[in-house]
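Down below is the structure, laid out as C-alpha cells.
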Amino acid sequence: MADDITTTLPQTDAAAGMVREAVLSGAGSRFDKVVEFIVLGGPAIWAIAAVSVVALALILWKVWRLAIMGAWIGGGHARRAVELWAQGDEDRALAQLRGRRTCRAVLIRAAMEARRDPTLDTDAAQSETERLARNLLAKARGGLRPLELIATIAPLLGLLGTVLGMIAAFQALQAAGSRADPAILAGGIWEALLTTAAGMAVAIPASMALTWFESVVDRLRLEMEDFATRIFLRPVQGEDGAAMARAAE
C-alpha cells in the first residue's frame, strides 16, 4: 500500500505540472495572438486600442459618478419629503432630507429653502431652483460627449485602417506583376479588415453605454422637474396671509 502511494504521488505531481504548463502555454499563445493582431492592424489598431482604454475608463468613471449622485438610490426619501411638504409638514420634510447628498435631495432641499426664504418671491425662488437643477444635470451629463465622440470615431478609425491596408495589399499585388499570387491579395484583405472589426468592437459597447447613461440622466431630469413643480404648487405657511395683505394695500 505504501509503495502504491509513493508511486502515485510523483505521477500526480507530474500531471499537475503538465496542467500548469498547458495553462501557461495557452495564456502565452493568447498573448502572442493579441500582439500579432495589433501588429497586423498597423497604426490604426494602436489608435483603436488607445480609444478603447479611454472608453472603458469613461464608462467606469461615469458609473461611479452617477452612483455618487444617487442616480439609482435616494428616490424614496425624496418622494417622502415631497409628500410631507404637500401635506403642510415643512419641518419634517426638510428633516427627511437632512444629511442626504443625492442630486434629488439636494435640489428638493434647495427648492424648499428658497420657497421659505422671505427675501425671495416666487419667481426668484423658481429661478434659483432652476439654476441649481441645471448645474446638477450638467454634472450628471459630464463625460457623455467624449463617450459619444468615441462611439463615432472608433468605426471611422477602423475604416481608415481597412482602406490603408487595402491600398498596401493592392500595391503588393501590382508589384508582383504577372506572377501575382491571389493568396497575397486575400491575406492583405483579411488583415485590413481586422481594423474594421476592432473599431466596431469598441463602438458598439460605447454606444450602448452612452444610450444607457442618457436614459438615466433623462429619468433624473423628469423626476427633479416633477418634485420641484410639486414644491412650488403649494404655498408656504404665511404666504396666503402676506398675499392678502398686499392685495388689501
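Here are a few things to note about the model shown:
- Once both labels are positioned 7 Å from their Cα atoms along Cα-to-Cβ, the gap between Ala201 and Ala57 label points is 2.1 nm.
- Space enclosed by the convex hull of the alpha-carbon atoms of region 100-144, per residue, Å³: 57
- Annotation for Ala50 and Phe232: the two label points, set 7 Å from Cα along the Cα-Cβ direction, are 4.7 nm apart.
- Taking packing as the residue-averaged number of other Cβ atoms within 10 angstrom, the listed peptides 122-130, 96-104 run from highest to lowest as 96-104, 122-130.
- Three-way shape label, region 77-233, alpha-carbon gyration tensor, a/c 1.5: prolate
- The value obtained for region 122-179, namely the Cα convex hull volume divided by the number of residues, is 65 Å³ per residue.
- Kirkwood hydrodynamic radius of region 71-114, Cα pairs, Å: 10.0
- Lys, Arg +1 and Asp, Glu -1 on Cβ, resulting dipole of region 46-118 about Cα centre, debye, nearest 20: 180
- Taking each residue as 0.36 nm, the span from Leu149 to Asp91 lengthens on full extension beyond its C-alpha to C-alpha distance by 16.3 nm.
- Of the whole protein surface, Trp64 contributes about 140 Å² of accessible area at a 1.4 Å probe radius.
The values are calculated or read from the model by the stated rules, or taken from the named source; none is laboratory data. Since the structure is predicted, the reported quantities are computational estimates derived from the model, not experimental observations. Note that we place each Cβ from the backbone using ideal geometry, even for glycine, and neighbour counts take in every protein chain shown. For the accessible areas, the whole protein counts, side chains as well, though only heavy atoms, and no ligand, DNA or RNA atoms are used. Shrake-Rupley method; radii C 1.70, N 1.55, O 1.52, S 1.80 Å.
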